[in-house]
Amino acid sequence: MRLLLALCLLAVAPCAFAELQEIFKWKQVDFNFANDSVRQEALKSGAYDPKNALPLGIAYYEGRVFISLPKWKPGTSATLVTVPYDAAKATEQGATSPLLNPYPNWSWHQRPEGDCDGLTSVFRMQVDQCGRLWVLDSGLENVATGGKQVCPSQLLIFDLKSDTLLRRYRIPKTSLKDNSFLAALTLDVAGDQCGSEQDDSFAYFADIYGNGLIVYSFKDDRSYRVDHPYFMPDPLACKFNAGGIDFRWVDGVFGLALSPLVPSDPTNRTLYFHPMSSFNEFSVPTYILRNETAASQEDNDEFKVPTNLYLEEFSRFLFSLDYLF
């Protein structure tokens, strides 16, 4: 363990001195409207307000960068977009500010009021090894001013080879709370099962305001809710300072990450998670989450606080260095 930790430190040390290459940059984003007349009409009606269209999530697949723009305030014409990416050209040209292309097309974003068959407000999306784009649509508009649930929260899965919808799953109210806000996801996918009847893929959605986790089974096309105290914000970690401004932030579970997939044992992974307002990292084996009964046990000891173990081991490692040198 100590040797592994030492190697990890040596591996990441050069990253501290590496310079990131700037590929895209915008002062204000603009969309690829059909023509300038359509753009001017969108500006006039308020359907497009440059100051309110703010990017958040990002994903990449075969020459395309996918970007989400949640409906923070009115004026975001499309909530999921793409821009082309060519590594060689980007290195030669430097940072550019391309127009944003609505994904899959404009019809998914220009829907009549009350029509929930398109996309409403996307926070995060992720591409799996099967060439599928999993999109978590919160259904919330005007998020920056308290939020309004205009459509049900939903998961949409697109085939990136054909840019067609493979599946739409509207998350049932039984999996949600009155204040639920789904804004983060991670995928548990075994690539050798893509699209087959044995495709035992899972997705995990963080309910930031409801302090819970939604588990979705692709094979069963159903979801269930998991609650645990570790998903909740830490009251001692809710005080923030940004730009000299003090404020309190009480978001629950937000960050999600999975341990690497082991092909010989694809169901034995670890989900690491972190409430936005917390000083700790937490973990739980995915075989627990994949079992609704086990995941629902209130006294489940499989939920861990790995940070303490790593800090203890790190302290021992530093002590050994002091002893050696």
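Among rounded, prolate and oblate, which fits region 42-95 when a ≥ b ≥ c are the square roots of the eigenvalues of its C-alpha gyration tensor, a/c under 1.5 means rounded, and a/b larger than b/c means prolate? Numbers along the way, then the final one.
Working: a/c = 3.05, a/b = 2.10, b/c = 1.45.
In terms of gyration-tensor shape, prolate.
Rounded, prolate or oblate: pick one for region 21-142, where a ≥ b ≥ c are the square roots of the eigenvalues of its C-alpha gyration tensor, a/c under 1.5 means rounded, and failing that, prolate if a/b is larger than b/c, else oblate.
Working: a/c = 1.92, a/b = 1.25, b/c = 1.54.
Since a/c reaches 1.5 but b/c is at least a/b, the shape of region 21-142 is classed as oblate.
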Please list the non-local residues whose amide H lies under 5 Å from the amide H of LEU80, H modeled 1.01 Å from N, same-chain partners needing a gap of 5 or more.
LEU69, TYR103
Over the chain, with a Gaussian network built from C-alpha contacts below 10 Å, which listed residue (PHE240, PHE66, PHE158) shows the highest mean-square fluctuation?
PHE240
Under 18 Å Cα-Cα from LYS44, which aspartates and glutamates qualify once same-chain neighbours fewer than 8 residues away are excluded?
ASP30, ASP36
Among ILE245, ILE23, ILE157, which one moves the most in a GNM of the chain with springs linking Cα atoms closer than 10 Å?
ILE245
Once you order the gyration tensor axes a ≥ b ≥ c over the Cα atoms, which shape class does region 78-221 get: rounded for a/c under 1.5, otherwise prolate or oblate by comparing a/b with b/c?
oblate
Eligible lysines near LYS304 by straight Cα distance, threshold 18 Å, same-chain separation 8 or greater:
none
Inter-part distance where region 207-241 and region 95-173 are each reduced to a Cα centre, Å:
21 Å
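Where in the chain is the longest stretch that carries no trypsin sites (Lys or Arg not before Pro) classed as loop by DSSP and with at most 11 other Cβ atoms within 10 Å?
Working: sites that count: LYS25, LYS27, LYS161.
Within the chain, the longest run free of exposed trypsin sites (Lys or Arg not before Pro) spans 162-325.
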Could you name the lysines in cross-link range of LYS177, using Cα to Cα under 18 Å and dropping any fewer than eight places away on the same chain?
LYS148
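Readers should treat all values here as calculations from the given coordinates under stated rules, not as data from a laboratory. Since the model is a prediction, treat every value here as computed from it, not as a measurement. Glycine also receives a Cβ, built like all others from the backbone with ideal geometry; neighbour counts cover every protein chain displayed.
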